[in-house]
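What follows is a single structure, written as structure tokens, with notes after it.
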């Protein structure tokens with residue numbers, strides 16, 4: 001869709017097929033002429049970022065390109081090296097790129113793919129809220145059973161944990177994150193002076209909050225957070241649900257605690 005949009009704006013846009021972060025990947029590529037110099041940019045739909053092909057960020061994340069195509073063009077990379085650092089993007093050079101006959105491309109019938117709306121209609125925010133409620137209940141029950149104490153939750157701190165979960169998923173899929181300094185600054189402002197802040201994230205498949213709590217219990221850091229002792233203890237819980245095609249769901253849960261240490 002992004003490639004079609006850019007083509008509609010008159011850009012020389014293509015879908016690139018290759019590898020990124022050592023996994024099969026597709027993204028959008030554009031070529032523009034600026035001051036007699038051809039500039040190639042990558043448009044990453046997973047992160048909404050536009051990156052110059054020769055930048056350090058592009059070379060770190062993207063590995064290679066095997067072919068590119070648009071609505072009426074297809075070029076296969078036949079260069080001796082297909083890595084991002086070594087290839088040239090002169091698609092019209094037959095020594096570097098093998099083009100498919102345009103008349104043959106016109107004969108290819110469109111793929112009539114029916115998208116299921118079941119997965120697209122799910123309210124992931126509500127699903128995340130259900131998981132958060134389960135986790136909060138599990139934390140409160142665990143602390144009552146083991147320490148005989150009531151558990152208080154900090155809703156403001158919970159809200160501030162959301163960007164961290166988005167970054168964890170971005171790092172899992174793309175291999176890099178954005179906005180780490182801003183997140184750390186926000187947490188620093190939210191935690192009172194002389195208080196200690198600890199957090200533990202966990203990634204699970206599906207929407208089972210109890211399974212997520214079980215994963216927290218299996219972690220040493222998770223158990224340390226649950227067994228926190230101190231003064232002015234406040235817990236925070238945040239969940240994020242991401243739906244992908246083929247009914248794949250990625251769920252992140254983070255628990256955190258801030259407290260005044262008497263030690």
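Selection over the range 194-205 of residues that are surrounded by 18 or more Cβ atoms within 10 Å (Cβ to Cβ) and either over 24 Å from residue 229 (Cα atoms) or under 14 Å from the mean Cα position of the chain (by Cα) (or both) gives a count of 1. Looking at residue 198, is it more than 17 Å from residue 131 (Cα to Cα), touching a helix residue (DSSP H, G or I) at 6+ places or on another chain (Cβ under 6 Å) and part of a strand (DSSP E or B)? Here the answer is yes, as residue 198 does meet what is asked. Checking the condition at pLDDT 95 or above, outside the structural domain of residue 19 (by TED's automatic domain parsing) and within 21 Å of residue 213 (Cα to Cα), which residue from 169, 155, 132 passes? Only one candidate passes the filter, namely 132. Against the conditions (1) in contact with a strand residue (DSSP E or B) (Cβ under 9 Å, 6 or more places away or on another chain); (2) more than 24 Å from residue 210 (Cα to Cα), residue 180 satisfies every one except (1).
Matching residues to (1) within 14 Å of residue 165 (Cα to Cα); (2) at pLDDT 95 or above; (3) outside any helix (DSSP H, G or I); (4) under 24 Å from the mean Cα position of the chain (by Cα):
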residue	(1), (2), (3), (4)
178	yes, no, yes, yes
192	no, no, yes, no
207	no, no, yes, yes
216	no, yes, no, yes
225	no, yes, no, no
240	yes, yes, yes, yes
246	no, no, yes, yes
254	yes, yes, yes, yes
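Taking the range 145-176 as the range and being without any contact (Cβ under 8 Å) to a residue 12 or more places away in the chain, assigned to a loop (DSSP other than H, G, I, E, B) and out of contact with any helix residue (DSSP H, G or I) (no Cβ under 8 Å at 6 or more places or on another chain) as the test, only 148 passes.
Among the residues of the range 27-48 satisfying the criterion of being surrounded by 13 or more Cβ atoms within 10 Å (Cβ to Cβ) and without any contact (Cβ under 8 Å) to a residue 24 or more places away in the chain, which is nearest to residue 167 (Cα to Cα)? Before the answer, list the steps.
So in the range 27-48, the residues surrounded by 13 or more Cβ atoms within 10 Å (Cβ to Cβ) come out as 27-31, 39-44, 47.
Restricting the remaining residues to those that are without any contact (Cβ under 8 Å) to a residue 24 or more places away in the chain gives 39, 41.
Details: 39: 29, 41: 23 Å.
In this case the residue turns out to be 41.
If the condition is being closer than 28 Å to residue 10 by Cβ and in a loop (DSSP other than H, G, I, E, B), then the range 68-78 contributes 70, 71, 72, 73. Only residues that are crowded, with 16+ Cβ neighbours inside 10 Å, in contact (Cβ under 8 Å) with a residue 60 or more places away in the chain and more than 22 Å from residue 163 (Cβ to Cβ) were counted in the range 227-238, giving 1. Would you check if there is a residue in the range 89-98 being outside the structural domain of residue 169 (by TED's automatic domain parsing), more than 24 Å from residue 178 (Cβ to Cβ), at pLDDT below 90 and surrounded by 14 or more Cβ atoms within 10 Å (Cβ to Cβ)? No, because not a single residue in the range 89-98 is outside the structural domain of residue 169 (by TED's automatic domain parsing), more than 24 Å from residue 178 (Cβ to Cβ), at pLDDT below 90 and surrounded by 14 or more Cβ atoms within 10 Å (Cβ to Cβ).
Only a single criterion out of (1) over 24 Å from residue 150 (Cβ atoms); (2) out of contact with any helix residue (DSSP H, G or I) (no Cβ under 9 Å at 6 or more places or on another chain) is not satisfied by residue 250, namely (2).
The values are calculated or read from the model by the stated rules, or taken from the named source; none is laboratory data. Not measured: the values here are computed from a predicted model. Note: ideal-geometry Cβ built from the backbone for every residue, glycine included; neighbour counts use all protein chains shown.
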